[in-house]
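Chemist: Have a look at the structure that comes next, please.
The values are calculated or read from the model by the stated rules, or taken from the named source; none is laboratory data. Here the structure is a predicted model, which means the values were calculated and not measured. Because the Cβ atoms are built from the backbone with ideal geometry, glycine has one as well, and the counts that use them run over all protein chains shown. Ligands, DNA and RNA are stripped out before the accessible areas are found, and what is left, the full protein with its side chains, is counted by its heavy atoms. Shrake-Rupley method; radii C 1.70, N 1.55, O 1.52, S 1.80 Å.
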Amino acid sequence: MEPGWERAVRAALCVTGIGLSVYAYHVETSRERDPEYTALCDINPDISCSKVFTSRWGRGFGLVEGILGAQSLLNQPNSVFGILFYVLQIALGFVSSVAAAATLLVTSLVSIAGSLYLAYVLFYILEDFCVICITTYVLNFSLLLLNAVRLRYLTAKPQKKKKNKRKTH
Ligand SMILES: C/C(=C\C[C@@]12O[C@]1(C)C(=O)c1ccccc1C2=O)CCC[C@H](C)CCC[C@H](C)CCCC(C)C
């Protein structure tokens, strides 16, 4: 078993991630229906989230449409991939096997690649500051650390139990 704090931290990170992704999905679909819609996270023209979510990079990471077409099932808002990712992280977190831990670490590395790419688009192409987006990058990085700790723990040589170690006089 992993240390007890691990599951609690994982649950907190994933629940936050799912919450932010559901909110991003709500903002994106509301804005697509009504161009006048302003979200709580639209603070000013330079600190705006709905502009980012409805940009050409807001669906399928801006890559799916060019490769598979706009009608592809994979051409979903980025937030849908976010929800799937955090659900996977919380679900596999309940499995104490090395295979599960390895899957967690690999998908986590993919999410870091995705985060770096989205951060690049956000700062250098859209030149925007999206609080929700930046928070998800921090969550993804924290999950990477957690997944690295878990894999190390599960593959470490078994230690002699330190419990009940008393001096013998
Ligand atoms: C809300 C969220 C990210 C925020 C945001 O994506 C948003 C909403 C967006 O529209 C956007 C537009 C332009 C620039 C930046 C942005 C973003 O910043 C979630 C990310 C999660 C992470 C980057 C997911 C990576 C998932 C992997 C592809 C692995 C998936 C594996 C599983 C599905 C099996």
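Chemist: Of Thr38, Val15, Ile134, whose Cα points farthest to the positive end of the dipole of the stretch 7-142 (charges on the beta-carbon: +1 Lys, Arg; -1 Asp, Glu; origin at the Cα centre)?
Modeler: Val15
Chemist: Of the options Phe94, Ala156, Gly69, report the single residue whose Cα projects farthest towards the positive end of the charge dipole of the chain (beta-carbon charges: Lys, Arg +1; Asp, Glu -1).
Modeler: Highest projection toward the positive end goes to Ala156.
Chemist: Oh, and also: Roughly how many Å² is the accessible area per residue of the chain, as a whole number, for a 1.4 Å probe? Please list the in-between numbers first.
Modeler: Details: 10630 Å² over 169 residues.
For the chain, the per-residue accessible area is 63 Å².
Chemist: What nm value, rounded to one decimal, do you get for the distance between Ile134 and Ala113 when each label is placed 7 Å out toward the C-beta?
Modeler: If labels sit at Ile134 and Ala113, their model points lie 2.7 nm apart.
Chemist: Next up: When Rg is the radius of gyration of the Cα atoms in the stretch 4-155 and Rh is its Kirkwood radius, what does Rg/Rh come to? Mind showing how you got there, number by number?
Modeler: On the way: Rg = 16.2 Å, Rh = 16.1 Å.
Answer for the stretch 4-155: 1.00.
Chemist: Arg59's amide H: which non-local residues (gap 5+, or another chain) put their own amide H closer than 5 Å, with H modeled 1.01 Å from N in plane and none for Pro or chain starts?
Modeler: Asn78
Chemist: When the solvent-accessible surface of protein heavy atoms is calculated with a 1.4 angstrom probe, in what order do Val80, Val131 fall, highest first?
Modeler: So the residues, ranked largest to smallest area, are Val131, Val80.
Chemist: State the percentage of accessible surface on the chain attributable to carbon and sulfur atoms; use a 1.4 Å probe and exclude ligands, DNA and RNA. Don't jump to the answer; show the numbers that get you there.
Modeler: Details: 7060 of 10630 Å².
The C+S portion of the solvent-accessible surface of the chain is 66 percent.
Chemist: To continue, here is another question. How much accessible surface area, in Å² rounded to 10, belongs to the heavy atoms of Glu36 with a 1.4 Å probe?
Modeler: 150 Å²
Chemist: Using a Förster radius of 41 Å, what is the FRET efficiency between Tyr37 and Thr103 based on their Cβ-Cβ separation? Nearest 0.05, please. Don't skip to the end; give the middle numbers.
Modeler: Details: r = 38 Å, r/R0 = 0.93.
Computed FRET efficiency for Tyr37 and Thr103 comes out at 0.60.
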